[in-house]
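Undergrad: Following this message is one structure expressed as structure tokens.
The values are calculated or read from the model by the stated rules, or taken from the named source; none is laboratory data. What you see is a predicted model, and the numbers here were worked out from it, not measured in a lab. We place every Cβ from the backbone using ideal geometry, glycine too, and count neighbours over all the protein chains shown. Side chains included, ligands, DNA and RNA excluded: accessible areas come from the protein's heavy atoms. Shrake-Rupley method; radii C 1.70, N 1.55, O 1.52, S 1.80 Å.
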Amino acid sequence: MLSSTLDRVDRAISAAAEELLRGQRSDGAFTDDPPASTLGTAGAITALHTADPDAHADLVTRGAAWLRTQQRPDGGWGGVVGADSEPVATSVVTAALRITSATDSAEAVQAGRRRLAAFGGVAAVTDRAVNHLCRQFLALAGLPEAGRLRRLPLEIVLLDDVRRQRISFRTAPFVALALLQTKTMPPGRIRQALQRRAVPQALRLLDAIDAHEGRTGVFSEDPWPAALVCLGLAHAGLAPHLVTSTAGFLRRAVRPDGSWDAVTNLDLTRSAFAATGLIAAGYAADPRLTATRDLFHRCQQQEPFPVFGVPAGGWSYNGARGWPVTLESAEIVTALAGLPGHADDPVLRRGVAWLVDRQDSRGSWSLWVRDTKLANDGPCPGITSQGIVALLDAGHDPDSAPVAAAVRWLLTAARTDGSYDNLWYRDHTSGTAMVLDALAHAGQAGHPVAVRARDWLLRTRCADGSWGPGDGTAGTVEETAWAVHALLAAGAPADDEAVGAGVAWLLAAQRPDGSWPASRVCAYIRHHMHYPNGAITRGLALRALAAWRRTHSGGTT
């Protein structure tokens, strides 16, 4: 039985690897076909309409028409194509259609308002900052669902350390909307004095981000924050050069059907996960991965990013001039550590040093800002687990100071049922599996906390042998692969019943071309909007099947 399964796994790995490599560009990056974003589209058309309704009428009209076609039967909208209705997208799209095409969209707007009421209004959006965004859009549309808007404290920009820790990666949209409020919510005399100092500093922050990105107006190459910057500045009548450049990015980023992506460029995210999957599958010496290694070398950050207080040496999710993040940086460190020549790779050494430098003082890792106090930035069990694995793969010992500190933090971060959160992927299978994997790599598979995580995974698997998020939802390739890989790392044998059922499910889910269907497990707005990433799906499935093959052959994970 195991021998027969081994043959099927061998064939599945070969087919998957070749399918993945067929999607590699000549520059070494791996591609995907992401779904369009209703949220990004709503933001883009609102921003373009505000910046210059005549000059951008073509894109605004097409975008509004596309949004109307994406309205769900219940009257709401999901964040990306195919997703169920949720309150964030429903609030923003309803407002955007009212602002940009009130007559043509009258019926859609009414249906959206009814669906928002069924959610319980904007109060259904539990994240305070995102709740404010929804209210701000509804207020600009003149809709009563906005309720009372709170004033954003623009003066926080006068204290860099406080700003970084409190608003972190939300700096650009926060600043832009706070500047918008200087016109829509004129301050009293005391606040006016603060704003006279804060407005120039806020504009300098936005300009610093634009400078880091090469004066392209892309603002992380994400239409949603770029649109918020464009919208806020246009409403406030400030920084016309940034309004022009962000509007130019939005015009360049539009899809042929008139919509926009959630994130336009995820080259390094896709390439990192594709590379680690292929390396695990035995393709480390394949000459086609040389181009990907060169991509990672080219895209290592050469300049600090002062807005977040980040030194040079890490990686962004898109390219050499993006916003440096620990998630992709850790994955790229793991990839470089698995490629030929890693022992003499100065880029890898610099990346390892950067990763150690970015560790929180509590031992964890956050995504953007070290020691952040913004819950949606960190500390994150999933990213901390990636940091542990990356450092171990790059040559750190389990008892090295950064690894030991990270392990100590993970041992205190479990939920009461033994599972773990994951800020940037769907809870809770992803976080629990990643933590179990990291603890096993660090020699802690037998620790009671690791055993509880393993038991949670076993207890929450689906009846068909797959894993979903652990709440009875149907299984996905990504979550099944995470769980199978973690169980094997923790010492489960190849003939373990749960592992075998998971492997069989992955084999059955593989498409004839070697790929797997991607599910919405990547978090864009936590608890509200998730999106798929096919390269991550393929990389995770390859790693899980390769780990099973190594275990079957007597190797180690």
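Here is a yes/no grid of residues against (1) hydrophobic (A, V, I, L, M, F, W, C); (2) touching a residue at least 60 places away in the same chain (Cβ under 8 Å); (3) surrounded by 20 or more Cβ atoms within 10 Å (Cβ to Cβ); (4) touching a strand residue (DSSP E or B) at 6+ places or on another chain (Cβ under 7 Å):
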| residue | (1), (2), (3), (4) |
| --- | --- |
| E19 | no, yes, no, no |
| L48 | yes, yes, yes, no |
| D74 | no, no, no, no |
| S85 | no, no, yes, no |
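Undergrad: In addition: From G418, G395, G363, grab the single residue that is under 23 Å from A440 (Cα atoms), small (G, A, S) and within 23 Å of the chain's Cα centre (by Cα).
TA: Working: G418 fails: within 23 Å of the chain's Cα centre (by Cα); G395 fails: within 23 Å of the chain's Cα centre (by Cα).
Of the residues listed, the single one that is under 23 Å from A440 (Cα atoms), small (G, A, S) and within 23 Å of the chain's Cα centre (by Cα) is G363.
Undergrad: Right, here's the next one. Tally the residues that are open to solvent by 10 Å² or more (accessible area, probe 1.4 Å) and assigned to a helix (DSSP H, G or I), restricting the search to segment 179-204.
TA: Here is the first cut: in segment 179-204, the residues open to solvent by 10 Å² or more (accessible area, probe 1.4 Å) are 182-197, 199-201, 203-204.
The next check asks that each one be assigned to a helix (DSSP H, G or I); those that pass are 182-184, 189-197, 199-201, 203-204.
Looking only at that region, the number is 17.
Undergrad: Of all the residues that make up segment 187-216, how many are at positive phi and in contact with a Lys or Arg (Cβ under 9 Å, 6 or more places away or on another chain)?
TA: First pass over segment 187-216, keeping only residues at positive phi: 214-215.
This time we only want the ones that are in contact with a Lys or Arg (Cβ under 9 Å, 6 or more places away or on another chain), so: 214.
Summing the residues that are at positive phi and in contact with a Lys or Arg (Cβ under 9 Å, 6 or more places away or on another chain) in segment 187-216 gives 1.
Undergrad: Another question, if that's okay. In this structure, is W505 aromatic (F, W, Y) and either under 18 Å from W516 (Cβ atoms) or open to solvent by 20 Å² or more (accessible area, probe 1.4 Å) (or both)?
TA: Numbers: aromatic (F, W, Y): yes; either under 18 Å from W516 (Cβ atoms) or open to solvent by 20 Å² or more (accessible area, probe 1.4 Å) (or both): yes.
Spelling it out, W505 is indeed aromatic (F, W, Y) and either under 18 Å from W516 (Cβ atoms) or open to solvent by 20 Å² or more (accessible area, probe 1.4 Å) (or both).
Undergrad: Assess whether F169 counts as being part of a loop (DSSP other than H, G, I, E, B), under 24 Å from A36 (Cα atoms) and either open to solvent by less than 20 Å² (accessible area, probe 1.4 Å) or touching a residue at least 24 places away in the same chain (Cβ under 8 Å) (or both).
TA: Values: part of a loop (DSSP other than H, G, I, E, B): no; under 24 Å from A36 (Cα atoms): yes; either open to solvent by less than 20 Å² (accessible area, probe 1.4 Å) or touching a residue at least 24 places away in the same chain (Cβ under 8 Å) (or both): yes.
Here the answer is no, as F169 does not meet what is asked.
Undergrad: Quick check on my filter: what residues within segment 406-426 are over 30 Å from A518 (Cβ atoms) and open to solvent by less than 20 Å² (accessible area, probe 1.4 Å)?
TA: Step one: filter segment 406-426 for residues over 30 Å from A518 (Cβ atoms), giving 407-409, 411-412, 416.
The one that is over 30 Å from A518 (Cβ atoms) and open to solvent by less than 20 Å² (accessible area, probe 1.4 Å): V407.
Undergrad: Now a separate question. Given the structure, is R349 open to solvent by 30 Å² or more (accessible area, probe 1.4 Å), part of a helix (DSSP H, G or I) and at pLDDT 95 or above? Talk me through it step by step, then tell me what you get.
TA: Values: open to solvent by 30 Å² or more (accessible area, probe 1.4 Å): yes; part of a helix (DSSP H, G or I): yes; at pLDDT 95 or above: yes.
Yes.
Undergrad: Can you tell me which residue in segment 501-517 is farthest from A546 (Cα to Cα), limited to those that are in a loop (DSSP other than H, G, I, E, B) and in contact (Cβ under 8 Å) with a residue 60 or more places away in the chain? Please lay out each step first, then the result.
TA: Within segment 501-517, the subset in a loop (DSSP other than H, G, I, E, B) is 510-517.
Of the ones still in play, those that are also in contact (Cβ under 8 Å) with a residue 60 or more places away in the chain are 510, 513-516.
On the way: Q510: 15, D513: 18, G514: 15, S515: 15, W516: 15 Å.
The residue in question is D513.
Undergrad: Continuing with the same structure: When only residues in segment 388-405 that are part of a loop (DSSP other than H, G, I, E, B) and on the phi < 0 side of the Ramachandran plot count, which is most open to solvent (accessible area, probe 1.4 Å)? So that I can check it myself, show each step before the final result.
TA: First, pick out the residues of segment 388-405 that are part of a loop (DSSP other than H, G, I, E, B): 394-400.
Imposing the further condition that a residue be on the phi < 0 side of the Ramachandran plot reduces the set to 394, 396-400.
Details: A394: 36, H396: 50, D397: 91, P398: 66, D399: 126, S400: 23 Å².
If we take residues in segment 388-405 being part of a loop (DSSP other than H, G, I, E, B) and on the phi < 0 side of the Ramachandran plot, then D399 is most open to solvent (accessible area, probe 1.4 Å).
Undergrad: Exactly one condition in (1) more than 26 Å from D294 (Cα to Cα); (2) in contact with a Leu (Cβ under 6 Å, 6 or more places away or on another chain) is false for G382; which is it?
TA: (2)
Undergrad: A follow-up question, please. Can you work out which of the residues in segment 442-484 that are polar (S, T, N, Q) and assigned to a loop (DSSP other than H, G, I, E, B) is surrounded by the most Cβ atoms within 10 Å (Cβ to Cβ)? Let's see the steps before the verdict.
TA: Just the residues of segment 442-484 that are polar (S, T, N, Q), to begin with: 444, 460, 466, 473, 476, 480.
Next, from what is left, pick out any that are assigned to a loop (DSSP other than H, G, I, E, B): 444, 460, 466, 473.
Details: Q444: 19, T460: 21, S466: 23, T473: 14.
So the residue we want is S466.
Undergrad: Among the numbered conditions (1) small (G, A, S); (2) surrounded by fewer than 24 Cβ atoms within 10 Å (Cβ to Cβ); (3) in contact (Cβ under 8 Å) with a residue 60 or more places away in the chain, tell me where G79 comes up short.
TA: Among (1) small (G, A, S); (2) surrounded by fewer than 24 Cβ atoms within 10 Å (Cβ to Cβ); (3) in contact (Cβ under 8 Å) with a residue 60 or more places away in the chain, the lone unmet condition for G79 is (2).
Undergrad: Residue under question is E145, and the condition is that it be at pLDDT 95 or above and either surrounded by fewer than 18 Cβ atoms within 10 Å (Cβ to Cβ) or in contact with a helix residue (DSSP H, G or I) (Cβ under 6 Å, 6 or more places away or on another chain) (or both); does it hold?
TA: On the way: at pLDDT 95 or above: yes; either surrounded by fewer than 18 Cβ atoms within 10 Å (Cβ to Cβ) or in contact with a helix residue (DSSP H, G or I) (Cβ under 6 Å, 6 or more places away or on another chain) (or both): yes.
It is true that E145 is at pLDDT 95 or above and either surrounded by fewer than 18 Cβ atoms within 10 Å (Cβ to Cβ) or in contact with a helix residue (DSSP H, G or I) (Cβ under 6 Å, 6 or more places away or on another chain) (or both).
Undergrad: Moving on to the next point. State yes or no: is T416 farther than 24 Å from R170 by Cα and in contact with a strand residue (DSSP E or B) (Cβ under 9 Å, 6 or more places away or on another chain)?
TA: On the way: farther than 24 Å from R170 by Cα: yes; in contact with a strand residue (DSSP E or B) (Cβ under 9 Å, 6 or more places away or on another chain): no.
So T416 fails the test.
Undergrad: Any idea which of (1) touching a Ser or Thr at 6+ places or on another chain (Cβ under 9 Å); (2) polar (S, T, N, Q); (3) open to solvent by 30 Å² or more (accessible area, probe 1.4 Å) is the one T290 doesn't satisfy?
TA: Result: T290 passes all but (1).
Undergrad: Now for a separate question. Quick check on this structure: which one of G382, G395 is touching a strand residue (DSSP E or B) at 6+ places or on another chain (Cβ under 8 Å) and either farther than 19 Å from P311 by Cα or modelled with pLDDT under 95 (or both)?
TA: Working: G395 fails: touching a strand residue (DSSP E or B) at 6+ places or on another chain (Cβ under 8 Å).
None of the others qualify; the one that does is G382.
Undergrad: Taking the stated definitions as given, is R511 open to solvent by 40 Å² or more (accessible area, probe 1.4 Å) and either more than 19 Å from M434 (Cβ to Cβ) or in contact with a Leu (Cβ under 7 Å, 6 or more places away or on another chain) (or both)? It would help to see each step written out before you state the result.
TA: On the way: open to solvent by 40 Å² or more (accessible area, probe 1.4 Å): yes; either more than 19 Å from M434 (Cβ to Cβ) or in contact with a Leu (Cβ under 7 Å, 6 or more places away or on another chain) (or both): yes.
Taking the combined requirement at face value, the residue satisfies it.
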